[in-house]
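The values are calculated or read from the model by the stated rules, or taken from the named source; none is laboratory data. Everything numeric here is computed off the predicted structure, so don't read it as measured data. Here the Cβ positions follow ideal geometry from the backbone for every residue, glycine too, while neighbour counts run over all protein chains shown. Only protein heavy atoms, including side chains, enter the accessible area calculation; ligands, DNA and RNA are left aside. Shrake-Rupley method; radii C 1.70, N 1.55, O 1.52, S 1.80 Å.
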Amino acid sequence: MSKFRIGAEAWNNRFSGDGWAYGKEPNEWLKLRIQPNNGKALVPADGEGRNAVYIASLGYETTVFDLSDVGKTKCAILAKEKSVQVDYQVDDIATRDFKNEYYDLIACSWFHIPWELFAIHYPRMLTSLKPGGDFICEGYHTSQLELKSGGPKSLDLLWDLDEVMDVISDGFDVIHAEVESIELDESDLHRGPAKVVRIHLKRKQPK
């Protein structure tokens, strides 16, 4: 069985309950940073679609890619509730083709993958941002390992800010890049004190 299918089964199991595993409301950092726009947005690994549906409600033409076909079904239900449209594609960052300079926004929360894949595929994904486009994300910091408010239980999946920025910041202006202590309240799976990395980059305009 491929790693894609193994990962998909795990997320399908998580999303197969009656409710939304991480709630229906968007991630607070994304909500704080993203402004209304009629451009194109990509929302990687958005599970049941809570962030994508919110971003679509701001006027963006919104695309998701995620491993979970159960997540796709949940996203469609949520999008209908909110009277928006989301293009949800079941796909894997490691095999996905990214259109060069296509999106005005890439936004994600908790998109943790093994570091060797992060170092290859996050920069590849970010080439699909237009000059002037924004990358906004939130992930768990390495110190989150000691806390119980969610997140991976492997250091290889958690983020060190300096390492992350070394990989993804080339060609970008740094609007915000900090390790922060916050109080999460996204569902029973993400609740309580947390240590997170919050990033907002803007792709540089050509000289």
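A few notes on this one:
- Once the gyration tensor of the Cα atoms in the chain is diagonalised, the equivalent ellipsoid follows with semi-axes of 23, 21, 17 Å, ordered largest first.
- Modelled label reach - Lys99, point 7 Å along Cα→Cβ, region 34-51 residues with backbone N closer than 16 Å: 38-44
- Proximal lysines relative to Lys82, as straight alpha-carbon distance under 19 Å, when same-chain residues fewer than 8 apart are discounted: Lys24, Lys31, Lys40, Lys72, Lys74
- Taking a straight line from the alpha carbon of Lys148, these lysines sit under 19 Å away, with near neighbours fewer than eight places off in the same chain left out: Lys195.
- Stokes-Einstein D (µm²/s) once Rh is taken as the Kirkwood radius of region 160-207 over alpha-carbon pairs, at 25 °C in 0.890 mPa s: 197
- Taking each residue as 0.36 nm, the span from Lys204 to Gln89 lengthens on full extension beyond its C-alpha to C-alpha distance by 38.6 nm.
- Per residue, in Å², the accessible surface of the chain once ligands and nucleic acids are set aside, probe 1.4 Å: 50
- Distance from region 15-92 to region 154-204 (C-alpha centre basis), Å: 20
- Of the solvent-accessible surface of the chain, computed with a 1.4 Å probe and all protein chains present, 49% belongs to carbon and sulfur.
- The H on the amide N of Leu129, modeled in the peptide plane, is under 5 Å from the matching H of Glu101, Tyr102, Tyr103, each at least 5 residues off or on a different chain.
- Residue among Ser57, Ser169, Ser83 with the largest mean-square fluctuation in a Gaussian network model of the chain, springs linking Cα atoms under 10 Å: Ser83
- Shape category assigned to region 64-161 from the gyration tensor of Cα positions, a/c cut at 1.5: oblate
- Rounded if a/c under 1.5, otherwise prolate or oblate - region 140-186, Cα gyration tensor axes: oblate
- Difference of contour (0.36 nm per residue) and Cα-Cα distance, Glu183 to Asn38: 49.1 nm
- Region 1-116 shape via C-alpha gyration tensor axes, a/c threshold 1.5: oblate
- Inter-probe distance in nm under a simple model that places probes 7 Å from Cα toward Cβ, at Glu116 and Ser169: 2.7
- Contact order relative to length of region 1-91, as percent, for alpha carbon pairs under 8 angstrom and 6 or more apart: 29
- Between Ile175 and His200, Leu201, Lys202, the built amide H atoms are under 5 Å apart, and every one of these is 5 or more places off in sequence or on another chain.
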